[in-house]
Structure formats: structure tokens, C-alpha cells
1. For the stretch 119-156, which positions are over 26 Å from S61 (Cα atoms), among the hydroxyl-bearing types (S, T, Y) and free of Cβ contacts under 8 Å to residues at least 60 places away in the same chain?
2. Among G55, G43, G99, G24, which is without any contact (Cβ under 8 Å) to a residue 40 or more places away in the chain and of a type outside the set (A, V, I, L, M)?
3. Checking the conditions here, which among P108, P84, P128 is on the phi < 0 side of the Ramachandran plot, at pLDDT 95 or above and surrounded by 21 or more Cβ atoms within 10 Å (Cβ to Cβ)?
4. Which condition number does M49 fail, the rest of (1) assigned to a strand (DSSP E or B); (2) at pLDDT below 95; (3) not charged (D, E, K, R) being met?
5. Could you grab me the full set of residues in the stretch 17-34 that are crowded, with 17+ Cβ neighbours inside 10 Å and either under 25 Å from M1 (Cα atoms) or under 10 Å from the mean Cα position of the chain (by Cα) (or both)?
6. Would you check if S172 is open to solvent by 10 Å² or more (accessible area, probe 1.4 Å) and more than 29 Å from D51 (Cβ to Cβ)?
7. Return the residues of the stretch 48-69 that are open to solvent by 60 Å² or more (accessible area, probe 1.4 Å) and on the phi < 0 side of the Ramachandran plot; say none if nothing qualifies.
8. Hey, can you tell me all the residues within the stretch 132-169 that are buried (at least 18 other Cβ atoms within 10 Å of the Cβ), basic (K, R) and out of contact with any Ser or Thr (no Cβ under 9 Å at 6 or more places or on another chain)?
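The values are calculated or read from the model by the stated rules, or taken from the named source; none is laboratory data. The shown structure was predicted, so the numbers you read here are calculated from the model rather than taken from an experiment. Glycine gets a Cβ as well: all are built from the backbone with ideal geometry, and neighbour counts include every protein chain shown. Just so you know, the surface numbers come from the protein's heavy atoms only, side chains and all, with ligands and any DNA or RNA stripped out. Shrake-Rupley method; radii C 1.70, N 1.55, O 1.52, S 1.80 Å.
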Amino acid sequence: MFLCPSDTRPEPNTTYPPSVFGRGNYVANNGIGPAIEYRLGPGHTTPPMMDRPGGVFFINSWLGLKQLTDGTTHTVMISEIRCPKNPLDGRGIMHYPEGPLFHHNRTPNSLVPDEIRTAWCQTTAQAPCIGAYAAYNSIRDLRTARSSHSGGVNILLADCSVRFVSEVINLSTWTALSSPDGGETIGNY
């Protein structure tokens with residue numbers, strides 16, 4: 001259900017046997033990365049105080065529709081991500097803080113490598129990555145929206161509409177779509 005039919009079916013991540021982490025292609029908007037927050041670490045307050053522009057989803061996210069002051073038609077909730085088939089890759093893990101998120105630092109389908117946990121980086125030509133940190137408490141996570149669709153990715157907006165966004169979208173527009181309350185004016189995209 002959480003797998004795009006256009007992508008290869010990823011194997012579950014088994015980094016910490018006997019645990020098995022299911023993976024999927026649909027991940028939540030974490031704003032502008034890198035994410036450096038972790039449970040009981042930086043940003044873990046109510047409401048979280050982050051040193052970066054956060055998206056709609058973050059650790060202990062508390063946002064409701066009334067906090068989406070940019071409007072539900074101008075706020076991305078979910079996007080696609082490429083999940084390499086290799087079971088050691090950590091992208092798209094559905095039930096671990098680092099896995100189900102993406103960032104708006106780069107336009108969709110960018111081939112600039114994701115910055116993820118070293119043990120979970122299994123780079124491919126379509127989903128390159130570099131190991132940027134060793135463990136949850138030294139997190140420096142940065143993931144790009146990617147798909148197997150030619151020319152862009154599908155996104156789910158907060159108004160529940162789905163749109164296809166071109167990979168040549170203006171970066172400032174893409175960045176503005178990540179913010180629930182940035183006050184940006186967003187035209188057609």
C-alpha cells in the first residue's frame with residue numbers, strides 16, 4: 001500500500017536483527033534540512049524549538065490545520081522517495097524517526113546525494129547517498145524527494161489534493177511549499 005508501482009519493491013531493512021523495518025515510497029515533509037533533532041535531544045520540547053525551518057512533520061509534531069497559515073493548498077504533507085532495493089538502505093523506513101521524512105533543500109529527483117546514517121546508506125545511480133552521521137544522537141539527516149516517474153514526483157498537499165511537481169520547479173517555490181507558516185506567496189507551479 002505504501003509502495004509506488006513505478007519503483008522497485010524495496011526489501012525490509014534488517015539493520016538491527018531481529019528487528020525488521022518495513023519501508024515505503026511515501027514520506028513526510030520535514031522542511032529544510034538537515035534534521036538534527038532526535039528524541040530527547042535538540043528540538044525536543046513542546047512545542048519543539050528548532051534551529052531550522054521545519055516542515056509539517058517532526059519528532060512529536062503538534063501542528064494542526066490552524067497552524068498551516070500558508071494555506072492547505074500551499075503546504076506539502078507527503079512526497080515520494082526512492083527506496084533502493086537493498087535491505088540495508090534506511091530510506092523510507094516507516095517506523096523509525098529518520099526513515100519516513102524528506103526535505104526541500106533540493107528540487108525533486110536531484111542527484112545530489114542524500115545525507116543519511118552511514119550504516120543505512122546504500123547508494124544507487126537514481127538514489128545516491130553519503131554517510132553523514134553514525135547514530136541517532138549525532139543525526140544530520142537530509143533526504144530528497146525522488147520518484148521513478150520521468151520528470152518529477154507526486155505530492156500530497158494538506159488540502160488532500162495530489163499534484164505532480166516537475167523536477168525543474170524553481171527551488172524557492174519548492175522551499176516555500178515546505179513551510180506551513182512562512183508567509184510566502186506561491187504562484188502557479
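1. Hits for the stretch 119-156 are T123, T124, S150.
2. Values: G55 fails: without any contact (Cβ under 8 Å) to a residue 40 or more places away in the chain; G99 fails: without any contact (Cβ under 8 Å) to a residue 40 or more places away in the chain; G24 fails: without any contact (Cβ under 8 Å) to a residue 40 or more places away in the chain.
Only one candidate passes the filter, namely G43.
3. On the way: P84 fails: at pLDDT 95 or above; P128 fails: surrounded by 21 or more Cβ atoms within 10 Å (Cβ to Cβ).
The conditions single out P108.
4. It fails just one condition, (1).
5. Listed by number, the residues that qualify are F21, R23, G24, N25, Y26, V27, A28, N29, N30, G31, I32, G33.
6. It is false that S172 is open to solvent by 10 Å² or more (accessible area, probe 1.4 Å) and more than 29 Å from D51 (Cβ to Cβ).
7. Quick first cut of the stretch 48-69, residues open to solvent by 60 Å² or more (accessible area, probe 1.4 Å) only: 49, 51, 53, 57, 60, 62, 65-66, 69.
Once the filter is applied, which keeps residues that are open to solvent by 60 Å² or more (accessible area, probe 1.4 Å) and on the phi < 0 side of the Ramachandran plot, the stretch 48-69 yields M49, D51, P53, F57, W62, L65, K66, T69.
8. Of everything in the stretch 132-169, just one residue is buried (at least 18 other Cβ atoms within 10 Å of the Cβ), basic (K, R) and out of contact with any Ser or Thr (no Cβ under 9 Å at 6 or more places or on another chain), namely R143.
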